[in-house]
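Nothing in this text is a laboratory measurement; each read-out follows from the coordinates by a stated rule. Remember, predicted model here, so these are calculated numbers, not experimental data. Cβ placement follows ideal geometry from the backbone for every residue including glycine, while neighbour counts extend to all protein chains displayed.
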Amino acid sequence: MKNKVYDVAIIGAGIVGAMCAFYLSKYKLNVAVLEAGIDVASGTTRANSAIVHAGYDAAEGSLKAKLNVKGSLMVEPIAKQLGVHYQRCGSLVIGYSENDLEHLNRLLVRGKKNGVKGLEIIDENRLHEMEPNVSKNAKYALYAPSAGIVCPYDLAYATCENACTNGVEFFFEYKVDKIEKKGQTFMLYAGERLISSKYVVNCAGLYADEIAALIFESLPFKIIPRRGEYMLLDKSEAGVVKHTIFVTPSEKGKGILVSPTVDGNIIVGPNANVVESKADTGVTIEGLQEIAQGARTMVPEINLDSVITTFAGVRSTPTSGDFYIQASKKYPKFIHSAGIESPGLASSPAIAEYIIELLKKAGLKLKEKDSYIKTRTKNGNCKLFYDMTEEERKKAIQRDPAYAKMVCRCEMVTEGDIINAINRPIPAHTVDMVKRRTRAGMGRCQGGYCRARVAEIIARELNISVEEVKKFSSNSHILCGRTK
Ligand SMILES: Cc1cc2nc3c(=O)[nH]c(=O)nc-3n(C[C@H](O)[C@H](O)[C@H](O)COP(=O)(O)OP(=O)(O)OC[C@H]3O[C@@H](n4cnc5c(N)ncnc54)[C@H](O)[C@@H]3O)c2cc1C
């Protein structure tokens, strides 16, 4: 299909692929991102807890620990640069018993060894002063002031939009299904389509093992899909907790949390259950009961009648327990990033830097561009109407009256925001792409009021019929025809 040979091809536009594209776009390189889904963040990056973990949880000396502590400090400046919502809200791991206290102390020691700053164990008085709604049975907590929250898919969009603005090319619905090596070049096929590249980075998340298999290599561990289910509460519950609240972890992992989100909601979850299919993002009644019970134990007054949506994400849990970021044994110019379970989001900028070091070692020459653009687009970071000051709103409306037309009342999304999302460097052309970029349909009514209007605006802007507008993928139709 294309004769061009790219310098680097990144397989997968989750947060790891996005961060790789973001950093590589600073250099004089031809970079392509090949994504199986219709959009950036089509996999695990779309559905997770969104916590920028401080780094006390990963085993000392592990790659996970090193990249988590480093990466978590890198997220905030990137978020600032690209206008992504981020809050350093801090986290509290609460304990109820002497046994829990012992465990918290182990986490404290481990965290300090990992290099996490500001960690301390606090008593029940301080805990309840900080979080009055946490169970009165909680006696201790490990406080990590450096932990934060971010919008994971917006971080991925922002980094990809910036990369695209700086010349990185994106290919969507490009599911790599065959790889050949011809001379110094990797031939990456998706059916009949072909992209050639000198270097490849495998950031395919849950499917990283399947990409490795395409070069006849098996990773030295298995990827186990472990699903985590969630409930998202209405903004009316904002303030029920101000920090991310965890229970003392068990062998199943970090356990259920209750946390604010950067958009003003409260998130509750996840559980952790092995599933047969990597694509199983179904939500079960048992799962919801499990997380409801977990949340009520930590925050007894939490109002779970205010759930506005439920969802699930699937972790790519490696049987080895650590991130695996290494050059292929056969091909040094083919780098694998695999087993990136939590805290993969928090670690992602550091993972990308680590990958770029491996590419350098394999011979990739990095020369900085003279004209690097720091923002998402040439015109800045595309602030949403909701985030604008009154003065900025007035100016936006004067510039474009579409900003005076409110489309999503729950989240205050204007027609101007939607038109902007449709025309951004990586354009939104489905209702869900608009939703994740603008929040239209993410509020209390979950799109009941605005979905049809959003579909009409997409149809008008792209000059297609409204029946052709899809919800999330090429075959997810919303309307099938007119009745009158
Ligand atoms: C329940 C849960 C909670 C979590 N909570 C947190 C948290 O609070 N904090 C944190 O730091 N981390 C958390 N994580 C982990 C974090 O979400 C992941 O580590 C991170 O999103 C992994 O990113 P990735 O880019 O490696 O994978 P993905 O986001 O899965 O991206 C891989 C991409 O590759 C694409 N792809 C796959 N196969 C192909 C192919 N053949 N060709 C082309 N493209 C392909 C996919 O479509 C996908 O878009 C959580 C994960 C889960 C599931």
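Karplus-based coupling profile of the stretch 299-306, in residue order and whole Hz: 10, x, 8, 4, 9, 7, 6, 9, with θ = phi - 60° in 6.51 cos²θ - 1.76 cosθ + 1.60 and x standing for Gly or Pro. Between Asp280 and Ala459, residue separation times 0.36 nm minus the direct Cα-Cα distance comes to 61.3 nm. Do any of Lys66/Lys117; Lys181/Lys278; Lys198/Lys360; Lys4/Lys181; Lys113/Lys360; Lys182/Lys222 go past 18 Å between their Cα atoms, and which? Result: Lys181/Lys278; Lys113/Lys360; Lys182/Lys222 exceed 18 Å. One chain, two ends: Leu479 and Glu368. Fully extended at 0.36 nm per residue, the span grows by 35.2 nm beyond their Cα-Cα distance. In plain terms, the chain from Lys117 to Arg193 could stretch by 22.5 nm, reckoned as 0.36 nm per residue minus the Cα-Cα distance. For the chain, taking the reciprocal of the average inverse distance between every pair of different Cα atoms yields a Kirkwood hydrodynamic radius of 23.3 Å. The trypsin sites (Lys or Arg not before Pro) of the stretch 351-388 meeting both criteria, a DSSP state outside H, G, I, E and B (loop) and at most 11 other C-beta atoms within 10 angstrom of the site's C-beta, are Lys365, Lys367, Lys378. Assuming R0 = 22 Å, can you tell me the calculated FRET efficiency for the pair Asn3 and Lys178, based on Cβ-Cβ distance, to the nearest 0.05? Once the sixth-power term is evaluated, E becomes 0.75. Among the chymotrypsin sites (Phe, Trp or Tyr not before Pro) in the stretch 157-247, those located in a DSSP loop and surrounded by at most 10 other Cβ atoms within 10 Å of their own Cβ are Phe216. Within the chain, antiparallel bridges make up roughly 70 percent of the DSSP beta bridges whose residues both belong there. Of the trypsin sites (Lys or Arg not before Pro) found in the stretch 222-303, the ones in coil according to DSSP and having at most 15 other Cβ atoms within 10 Å of their Cβ are Lys222, Lys252. Once you reduce the stretch 383-417 and the stretch 451-466 to the center of their Cα atoms, the two points are 19 Å from each other. Entry note, the chain: the mean residue ellipticity at 222 nm calculated from DSSP H runs of n ≥ 4, each adding -39500 (n - 2.57), is -9500 deg cm²/dmol after division by the residues and rounding to the nearest 500. Placing R0 at 30 angstrom, the Cβ-Cβ distance between Ser62 and Glu124 gives a FRET efficiency of 0.40 after rounding to 0.05. With pairing defined as another cysteine C-beta under 4.7 Å, the cysteines of the chain that fail it are Cys20, Cys89, Cys151, Cys160, Cys164, Cys203, Cys382, Cys410, Cys445, Cys480. The longest stretch of the chain left intact once loop-based GluC sites (Glu not before Pro) with at most 13 other Cβ atoms within 10 Å are removed from consideration, loops following DSSP, is 1-191.
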